[in-house]
Amino acid sequence: MDNKFQPIVGVAIIIENKTGKFLLHLRDENAPRMKNQWCLLGGCIESGFAETPEQAAAREIAEETGIVVKPENLRFFKKIILQDGVRQSHIYHIRLDLDDKDIKVGEGKEFRFFPKAGLPAMLGKLGYTNSFLEVLAEFMRNGTRKI
């Protein structure tokens, strides 16, 4: 079957630290999508390994930041269909006792925690948006919920 008809399933993670700041990932020019954009961290589910979305989210956190979390500590927020109609992403939230200095950049240009109060203004000044920044804005308005 042609891949354009098979959904590509991924994960994205909203990481909040104990002071209520949110972690964003500045992707680099080598990213397959959203080059040089701030985004949530995440990636595709490794289908060849029979990986669950929770396992994929925990793996992505470790690969991209060097932080190890247990899949069962992730809280499901929602599932989104991306604008292309082919890709979908399971969005999770986790609260961790971290700061910028605790993050190792495994992929992309930079990771940085942003305070909730300043994030909407910062996001508005970027000159772009993406599905993941929109989900973060929704999360900040509504908090976690079960769907």
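Per-structure values
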{"item": "Members of the stretch 89-110 that are assigned to a strand (DSSP E or B) and either at pLDDT 90 or above or under 12 Å from GLY42 (Cβ atoms) (or both)", "result": "SER89, HIS90, ILE91, TYR92, HIS93, ILE94, ARG95, LEU96"}
{"item": "Any strands (runs of 3 or more DSSP E) falling wholly within the stretch 1-45 and containing at least 1 residues that are modelled with pLDDT under 85", "result": "8-17"}
{"item": "Residue check for LEU123: farther than 21 Å from ILE8 by Cα and assigned to a helix (DSSP H, G or I)", "result": "yes"}
{"item": "Residue check, LYS70 surrounded by 13 or more Cβ atoms within 10 Å (Cβ to Cβ) and of a type in the set (D, E, K, R)", "result": "no"}
{"item": "Restricting the stretch 41-67 to residues that are under 23 Å from MET122 (Cβ atoms) and touching a Ser or Thr at 6+ places or on another chain (Cβ under 9 Å), the residue that is surrounded by the most Cβ atoms within 10 Å (Cβ to Cβ)", "result": "LEU41"}
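The values are calculated or read from the model by the stated rules, or taken from the named source; none is laboratory data. Since we're looking at a predicted model, the values are computed, not measured. When we count neighbours, we look across all protein chains shown, and the Cβ atoms used for this are built from the backbone with ideal geometry, even at glycine.
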